[in-house]
Amino acid sequence: MPLPNQPQESEEAVEGASPTGPRRRFFAWAIRAIACALGLGFLVPATGYLISPALKRRENAWAEVGTVADLPMGDPQELEYTQTVKDGWRNAAAKKSVWVTKQSDGTITVFSPLCPHLGCGYRWNSGDQQFQCPCHGSVYDVTGKVLGGPAPRPLDALPTKVENGKLWVIYKEFKSGLNRPVEL
Ligand code: FES
């Protein structure tokens, strides 16, 4: 029983002052939902920005590998060079090599140095006029065509261009053991 002198609050006054019961719970839920939405709106793009370089394929750029006039005609040369490779957030210097052939008509072809069978390094045998792989005996002619052994496809040719007498190459690696080149 309320005391006779105790002030009585009307229901409207109580409702206007602060929400109670179901209304209070609804407001709390709505505030939490808005906070979560704002947090996700920031978190998702920020996370994507931070990890996307790590998920990207390793990027290789054009690299100058030599002077075209210095290449002997018909006798493949292994050229070594250092390339800057962008790998996620970091740039790394990587030592690379490629096999370069210059035909009598001036055509230049550059091959990946890895045997398409299982990825061993192969050599040019000038006496036999063949590329020969020591691992399982695959043999290729000067154009990269398979002459023998278990190699499932020709040598992998790389993108090339000539600018101001310089030979440029994009180094790529391919899955071994397949009958067509599939880039890694
Ligand atoms: S890796 Fe070259 S023949 Fe097997």
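Identify the residue in the stretch 125-144 that is in a loop (DSSP other than H, G, I, E, B) and more than 10 Å from the ligand (Cβ to nearest atom) and, among all such residues, is nearest to Leu155 (Cα to Cα). Spell out the reasoning first.
In the first step, residues of the stretch 125-144 are kept if they are in a loop (DSSP other than H, G, I, E, B); the result is 126-129, 133-138, 141-144.
Adding the requirement that they be more than 10 Å from the ligand (Cβ to nearest atom) leaves 126-129, 141-144.
Details: Ser126: 17, Gly127: 20, Asp128: 17, Gln129: 15, Asp141: 9, Val142: 10, Thr143: 8, Gly144: 5 Å.
Applying the filter and picking the extreme gives Gly144.
For the stretch 149-158, indicate whether the set of residues that are within 16 Å of the ligand (Cβ to nearest atom), closer than 23 Å to Val85 by Cβ and among the acidic types (Asp, Glu) is non-empty. Working first, answer last.
Of all residues in the stretch 149-158, those within 16 Å of the ligand (Cβ to nearest atom) come to 149-156.
From the residues that got through so far, the ones that are closer than 23 Å to Val85 by Cβ too are 155-156.
Going one step further and asking which of them are among the acidic types (Asp, Glu), we end up with 156.
Within the stretch 149-158, one or more residues are within 16 Å of the ligand (Cβ to nearest atom), closer than 23 Å to Val85 by Cβ and among the acidic types (Asp, Glu).
Within the stretch 145-184, restricting attention to residues that are assigned to a strand (DSSP E or B) and without any contact (Cβ under 8 Å) to a residue 60 or more places away in the chain, which residue is farthest from Cys120 (Cα to Cα)? Write out each step before concluding.
Filtering the stretch 145-184 for residues assigned to a strand (DSSP E or B) gives 146-148, 157, 160-163, 166-170, 174, 183.
Filter once more, keeping what is without any contact (Cβ under 8 Å) to a residue 60 or more places away in the chain: 146-148, 157, 160, 163, 183.
On the way: Val146: 15, Leu147: 17, Gly148: 16, Ala157: 16, Thr160: 23, Glu163: 31, Glu183: 17 Å.
Restricting to residues being assigned to a strand (DSSP E or B) and without any contact (Cβ under 8 Å) to a residue 60 or more places away in the chain, the top hit is Glu163.
Does Lys102 satisfy the criteria of being farther than 17 Å from Ala61 by Cβ, touching a helix residue (DSSP H, G or I) at 6+ places or on another chain (Cβ under 9 Å), without any contact (Cβ under 8 Å) to a residue 40 or more places away in the chain and surrounded by 12 or more Cβ atoms within 10 Å (Cβ to Cβ)? Steps first, please.
On the way: farther than 17 Å from Ala61 by Cβ: yes; touching a helix residue (DSSP H, G or I) at 6+ places or on another chain (Cβ under 9 Å): yes; without any contact (Cβ under 8 Å) to a residue 40 or more places away in the chain: yes; surrounded by 12 or more Cβ atoms within 10 Å (Cβ to Cβ): yes.
Yes; evaluated as a whole, the condition is true for this residue.
Determine whether the stretch 109-117 contains at least one residue that is near the ligand (Cβ under 10 Å from one of its atoms), without any contact (Cβ under 8 Å) to a residue 12 or more places away in the chain and not aliphatic (A, V, I, L, M).
First pass over the stretch 109-117, keeping only residues near the ligand (Cβ under 10 Å from one of its atoms): 114-117.
Cutting the leftovers down to without any contact (Cβ under 8 Å) to a residue 12 or more places away in the chain gives us none.
No; the residues of the stretch 109-117 include none that is near the ligand (Cβ under 10 Å from one of its atoms), without any contact (Cβ under 8 Å) to a residue 12 or more places away in the chain and not aliphatic (A, V, I, L, M).
Looking only at the stretch 81-91, decide whether some residue is modelled with pLDDT of 95 or more and either within 16 Å of the ligand (Cβ to nearest atom) or basic (Lys, Arg) (or both). Step through it out loud before you land on a result.
Restricting attention to the stretch 81-91, the residues satisfying the condition of being modelled with pLDDT of 95 or more are none.
Scanning the stretch 81-91 turns up no residue that is modelled with pLDDT of 95 or more and either within 16 Å of the ligand (Cβ to nearest atom) or basic (Lys, Arg) (or both).
The values are calculated or read from the model by the stated rules, or taken from the named source; none is laboratory data. No experiment lies behind these values; they were computed from the predicted model shown. A quick note on method: Cβ atoms are made from the backbone with ideal geometry, for glycine too, and the neighbour counts reach across all protein chains shown.
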